[in-house]
């Protein structure tokens, strides 16, 4: 089979142990994003199997019509809002998906970003590399307040780590967050406004969906202290468009650390947050450690192997008539 991996941004898939599951097949890997839709279609024209990473690629009716050879879309992850599952079914394309979701890597990166921003790690490291000496005071975590907006599996790990560093944890969210806060001995904020007002560091860990989209507004951010840090390693769409950039320019909050953006990838440094010294930006690497990649790509490549050998598949569109030949 011709297998195309559309979006290996880190250029690391061939280095994974699980890559051996694709032995015996022709594998093409693309690292850089395509220039446009026409170039994307040309890349995939001979693909029998398309491996896509969560929400990095759009698979819609127009694309499927241009790829008559395509028989399987192997999704790295459990779901993607950029895959038209009904269109895949109509075109006889099986969509397989993962089952694992590890909170460890994104939680660790969140804590790393909090430390990096509060202690001015990136700013001062860049100054020293440029031959300059310290220019800032940093702020300790011990004794300050960590606001957690959404105490799920990732937020719980972040809260536990920061509490171990001496931070006071303040929580806001739904009933599940309230119950977990009670069980874990954390204070619940009186309201969302109370959370944003009191937090020295506020980290968003909501699950993205119709109810949580744009949950963080410009009005919320305006409540934050001029010394406070806003952290988002969850989804960019949880924040009102352009609200964070405008709030930072207005001075509330004073700092931000982010790993997610509305239009990814960000190329050539073209994003307003990258122009701000008070913002630490990472290129959506919250999930990207070796252990997570072995886990996620391993289950994906196993689905490709089962497709090739006639095995039972884990289908996101179970009504599809699978075409293997």
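The values are calculated or read from the model by the stated rules, or taken from the named source; none is laboratory data. Bear in mind that the values here come from a model prediction, so they are computed numbers and not experimental data. Ideal geometry is used to build each Cβ from the backbone, glycine not excepted, and the neighbour counts take in all protein chains shown.
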Checklist entry - In the list 52, 76, which residue meets the criterion of being within 14 Å of residue 300 (Cα to Cα), surrounded by 18 or more Cβ atoms within 10 Å (Cβ to Cβ) and out of contact with any helix residue (DSSP H, G or I) (no Cβ under 8 Å at 6 or more places or on another chain)? => result 52
Checklist entry - Among the residues of region 244-266, which ones are part of a helix (DSSP H, G or I) and surrounded by fewer than 20 Cβ atoms within 10 Å (Cβ to Cβ)? => result 245, 246, 249, 250
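Yes or no, residue by residue, for (1) touching a strand residue (DSSP E or B) at 6+ places or on another chain (Cβ under 8 Å); (2) assigned by TED's automatic domain parsing to the domain that holds residue 231; (3) at pLDDT below 95:
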site	(1), (2), (3)
119	no, yes, no
128	no, yes, yes
133	no, yes, yes
166	no, yes, no
171	yes, yes, no
177	yes, yes, no
Checklist entry - Failed condition for residue 70, given (1) surrounded by fewer than 19 Cβ atoms within 10 Å (Cβ to Cβ); (2) under 23 Å from residue 19 (Cβ atoms); (3) modelled with pLDDT of 95 or more, with all others met? => result (1)
Item to check | region 242-282: number of residues that are over 21 Å from residue 136 (Cβ atoms), in contact (Cβ under 8 Å) with a residue 40 or more places away in the chain and touching a strand residue (DSSP E or B) at 6+ places or on another chain (Cβ under 9 Å) | outcome: 1
Checklist outcome for this item: Note on region 145-173: residues part of a helix (DSSP H, G or I), out of contact with any helix residue (DSSP H, G or I) (no Cβ under 6 Å at 6 or more places or on another chain) and touching a residue at least 60 places away in the same chain (Cβ under 8 Å) are none
Checklist outcome for this item: Here the residues within region 31-53 that are part of a loop (DSSP other than H, G, I, E, B), free of Cβ contacts under 8 Å to residues at least 60 places away in the same chain and under 20 Å from residue 83 (Cβ atoms) are 34, 36, 45, 47, 48
Checklist entry - So which residues in region 1-30 are assigned to a loop (DSSP other than H, G, I, E, B), exposed (fewer than 13 other Cβ atoms within 10 Å of the Cβ) and more than 18 Å from the chain's Cα centre (by Cα), if there are any at all? => result 23, 24
Next on the checklist: Would you confirm whether or not region 94-107 contains a residue that is in a loop (DSSP other than H, G, I, E, B), touching a helix residue (DSSP H, G or I) at 6+ places or on another chain (Cβ under 6 Å) and surrounded by fewer than 16 Cβ atoms within 10 Å (Cβ to Cβ)?
Outcome noted: yes
Next on the checklist: Just checking, does region 291-310 include any residue being in contact (Cβ under 8 Å) with a residue 40 or more places away in the chain and part of a strand (DSSP E or B)?
Outcome noted: no
Checklist entry - For region 279-301, which residues satisfy the criterion of being in contact with a helix residue (DSSP H, G or I) (Cβ under 6 Å, 6 or more places away or on another chain) and either at pLDDT 95 or above or surrounded by fewer than 19 Cβ atoms within 10 Å (Cβ to Cβ) (or both)? => result 279, 280, 281, 289, 292, 294, 297, 298, 301
Item to check | Among the candidates 209, 269, 185, residue that is exposed (fewer than 15 other Cβ atoms within 10 Å of the Cβ) and within 19 Å of residue 168 (Cβ to Cβ) | outcome: 185
